[in-house]
1. Run through segment 112-198 and list the GluC sites (Glu not before Pro) located in a DSSP loop whose Cβ has at most 16 other Cβ atoms within 10 Å.
2. Could you tell me the center-to-center distance, by alpha carbons, between segment 10-56 and segment 141-198 in angstrom?
3. Sort segment 123-198 into rounded, prolate or oblate with this rule: let a ≥ b ≥ c be the square roots of the eigenvalues of the Cα gyration tensor; rounded if a/c is under 1.5, and if a/c is not under 1.5, prolate when a/b is larger than b/c, oblate otherwise.
4. Subtracting the Cα-Cα distance from 0.36 nm times the residue separation, let me have the gained length for Asp68 to Lys178 in nm, one decimal.
Amino acid sequence: MKGRFEGVETQVLGLSVDSVPSLSAWAESLGGITYPLLSDFWSHGEIAKLYGVLREDGRSERAIFVIDKRGIVRYVDIHDIDEQPDNEELFRMLAEIEPKLTAKWETENLIEDPEPEPEADVVMYCTPWCPACRRARAYFNENDVPFVEVDITRDRSAAERVRGWASGYETTPTFKIKGKVIVNFKRKEVAEVLGIEF
């Protein structure tokens, strides 16, 4: 959200029931995180429990909460660990909470001249923080498969295409390989389309 809500009092926080060393290793594996990560490790999952997202097995659901300045929870999204949350929905909610954002949000989200879809046998739609995208990138490089990478956080027309293919979600990686769309890095399916031995 950096840049998109410049000058607005919006703070992103990450919270996990994992320990601080685990969070540090995870952030490092992603190449760094631009927002604070908080550990809800001790006493284990106390905050997750308060928000109703702590499972009986001690893990937490993957959830997003938007809380306004008065401490009122304005938005809750609990979704599968493999699903990318709908960022546009979050931006809409933030614009509703901060009315001065509405005009800016609408202006930035007008796709008058969408970027054309890349012409390549293999196109990977990704995000900078996606671990499966890194695995797919390594897989293509190991197998000498040329590919075009599209960052859907920067190319919103590409994000719109991904939502159309992935049941409304910005799921990454999503591939278009020789005309076939594959949502998520399904190695066997990717190998079959490319003619690579699995």
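1. Glu112, Glu119, Glu197
2. With segment 10-56 and segment 141-198 each reduced to a Cα centre, they are spaced 29 Å.
3. In terms of gyration-tensor shape, prolate.
4. Separation in residues times 0.36 nm, less the Cα-Cα distance, equals 35.1 nm.
Read-outs: derived from the displayed coordinates by stated rules, not from any lab. As the structure is a computational prediction, the values presented were derived from the model and not from experiment. Cβ: placed from backbone, ideal geometry, glycine included. Neighbour counts: every protein chain shown.
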